[in-house]
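Before any comments, here is the structure.
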Amino acid sequence: MAFTDTIHGEADEFWSAILDHPMVARLGEGSLDEEPFRYWVRQDYVYLVEYSRLFALGAAKAPTLDSMGTFASLLESTVNEEMDLHRSYAAEFGIDIADLEATTPSPTTRAYTDFLVRTATLGSFGDIVAALLPCMWGFNETARRLADEGVPDHDQYAAWVEMYAGDEFTELTDWCKSLMDDVAASATESDRERYRDLFRTSAQYEYLFWDAAWRREEWPL
Ligand SMILES: Cc1ncc(CN)c(N)n1
């Protein structure tokens, strides 16, 4: 059985919990207040800077030229397309780019990105794919399920749903799933156990990232 089929049930529990979170549910309904969303935009921008390093490290460790090329284009599209969405949100909110880039990462952003970059630095190519998978699968699944209920009647939230439910992001997610399946097919049982653990950790952080935005989490001192 393909690796992503073996974790499908568990993954689904994470995506359902994320969908039920009030931050996500209200974004989908178009009723989310601007403040938590502004917080999310700032935190996600600094998250994406570190997340992009995952692609650079993935390209460096890629076992084939084909996967090296895809990691390079994922790096390019994150920095120039996905982050453009955030730059356009910032412009609409009157936040300038220097201010956006100077955002202090929250405890959750810091912990999540440290986990990703540590995994990419010390781990194998398979470890990188396992830690990356929930970032793509989770966003794509969340946005597609929200889109199934109807695109929110709110320009900024509609743009969010359209970007992450769109064909390009869906294709990249499918590619990431099949890459995970290929890597896991030739891995040992203990490698597969580690991939599962890395997948779970990133999926937990995906939930916590939404929750931190909802609570507008800050450092205590
Ligand atoms: C926290 C988080 N996870 C995933 C994605 C999708 N690249 C994102 N923008 N932010």
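Where a number appears in this text, it was derived from the coordinates with a stated rule and is not lab data. Just so it is clear, the model here is predicted, and its values are computed rather than measured. Counting neighbours? That spans all protein chains shown, and the Cβs are built from the backbone with ideal geometry, glycine included.
With the biggest extent put first, the Cα atoms of region 93-134 measure 40, 17, 16 Å across the principal axes. Between the helical axis of 83-93 and the longest alpha-carbon principal axis of the chain there is an angle of about 10 degrees. Remark: the Asp153-Leu19 segment gains 46.5 nm on full extension, using 0.36 nm per residue and subtracting the alpha carbon distance.
In the chain, Cα pairs under 8 Å separated by at least six residues give a relative contact order of 33 percent.
Using unit Cβ charges (K, R positive; D, E negative) and no other charged atoms, how large, in debye to the nearest 20, is the dipole of region 3-215 about its Cα centre?
Here region 3-215 has a charge dipole of around 800 debye.
Computed extension length for Thr170-Arg118: 16.1 nm, one decimal, from 0.36 nm per residue of separation with the Cα-Cα distance subtracted. Site pair Arg53 and Ser186 shows an inter-label distance of 2.9 nm when each label is modelled 7 Å from Cα along Cα→Cβ.
Computed over every Cα-Cα pair of the chain and binned at 10 Å starting from 0, the pair-distance distribution P(r) comes out as 8, 34, 39, 17, 3, 0 percent.
Helix 8-20 and the longest principal axis of the Cα set of the chain meet at an angle near 10°.
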